[in-house]
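Q: Below you will find the structure I want to go over with you.
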Amino acid sequence: GAGVSQSPSNKVTEKGKDVELRCDPISGHTALYWYRQSLGQGLEFLIYFQGNSAPDKSGLPSDRFSAERTGGSVSTLTIQRTQQEDSAVYLCASSPEGGDYEQYFGPGTRLTVT
Amino acid sequence: ILNVEQSPQSLHVQEGDSTNFTCSFPSSNFYALHWYRWETAKSPEALFVMTLNGDEKKKGRISATLNTKEGYSYLYIKGSQPEDSATYLCASLGFGNEKLTFGTGTRLTIIP
């Protein structure tokens, strides 16, 4: 079946512009996660959605970052007024539930802020 | 241990040799330990999810052990092949917490 998909695969934007990154999780997966990997760093948790519960936004690095998940499926990560330090690979993952279930990752979006 | 730490950071292994590397994680409030393989230009792929102290899991030539009391897990690869070249990530999950904390990974290169 279809895996997790993300779009765009690459995005180059100018400093100060807003960007939207999209994630389509595996159908039926209730848990959805956003991570980012900056150059030379490990995977950094950003936000977690589980079903209809309020999302865990504790990993968002600033109020320029926001995410929503519509209808319990597709999610959009929005970065406003992008900065050069936002350049990273942004990964989305989904799992049947949270916790001890393995996560299925998408191919990522490589964001470059010039 | 407050964070998830992996060692070594990188490793070169001759094809056919066996190897192993370490993941250290906070032992207090432990719930689960995940291992992922991340090949260049691909998505991270789950290898194992482990929860029980003393657990050992195996997938083909790859196996992992878990010690929750002392907070470490080992990943073993037997008879390394070129397709094993990847970054291996471990991640820890605390009880009551849905956020995985990832280590920075061990980058494995198999030399033909």
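Q: In nm, to one decimal, how far is the B:LYS58 label point from the A:GLN80 one, both placed 7 Å along Cα→Cβ?
A: 5.5
Q: Give the residue from A:TRP34, A:VAL19, A:LEU60 lying farthest towards the positive end of the charge dipole for chain A; charges sit on Cβ (+1 for Lys and Arg, -1 for Asp and Glu) and the dipole is referred to the Cα centre.
A: The residue sitting farthest along the positive end of the dipole is A:VAL19.
Q: Which ordering of B:PHE48, A:PHE45 is given by a fewest-first count of other beta-carbon atoms within 10 Å?
A: A:PHE45, B:PHE48
Q: Could you tell me the distance between the Cα centroids of region A:63-110 and region B:33-112, to the nearest Å?
A: For region A:63-110 versus region B:33-112, the Cα centre distance is 22 Å.
Q: Remind me, relative contact order of chain A in percent, using alpha carbon pairs under 8 angstrom and six or more residues apart?
A: 38
Q: Rank the residues A:PHE49, A:PHE65, B:PHE95 as a footprinting-exposure proxy: fewest other Cβ atoms within 10 Å of their Cβ go first.
A: B:PHE95, A:PHE65, A:PHE49
Q: Among A:LEU32, B:LEU47, rank each residue by its count of other Cβ atoms within 10 Å, from fewest to most, as a rough exposure measure.
A: Ascending number of Cβ neighbours within 10 Å: B:LEU47, A:LEU32.
Q: Can I ask one more? Picking from B:ASN97, B:ASN67, B:ASN53, which is most flexible by a Gaussian network model of chain B using Cα springs under 10 Å?
A: Answer for the Gaussian network model of chain B: B:ASN97.
Q: Turning to a different aspect of this structure: Within the set A:LYS17/A:LYS57; A:LYS15/B:LYS99; A:LYS11/B:LYS42, which residue pairs have Cα atoms separated by over 25 Å?
A: A:LYS15/B:LYS99
Q: If you average the sequence gap of Cα pairs under 8 Å that are 6 or more apart and divide by the length of chain B, what percent do you get for the contact order?
A: That works out to 37 percent.
Just so you know, all these numbers are worked out from the coordinates, no wet-lab data involved. Predicted model, so just to flag it, every value in this text is computed and none were measured. Neighbour counts are summed over all protein chains in view; Cβ atoms, including those assigned to glycine, are modelled from backbone coordinates with ideal geometry.
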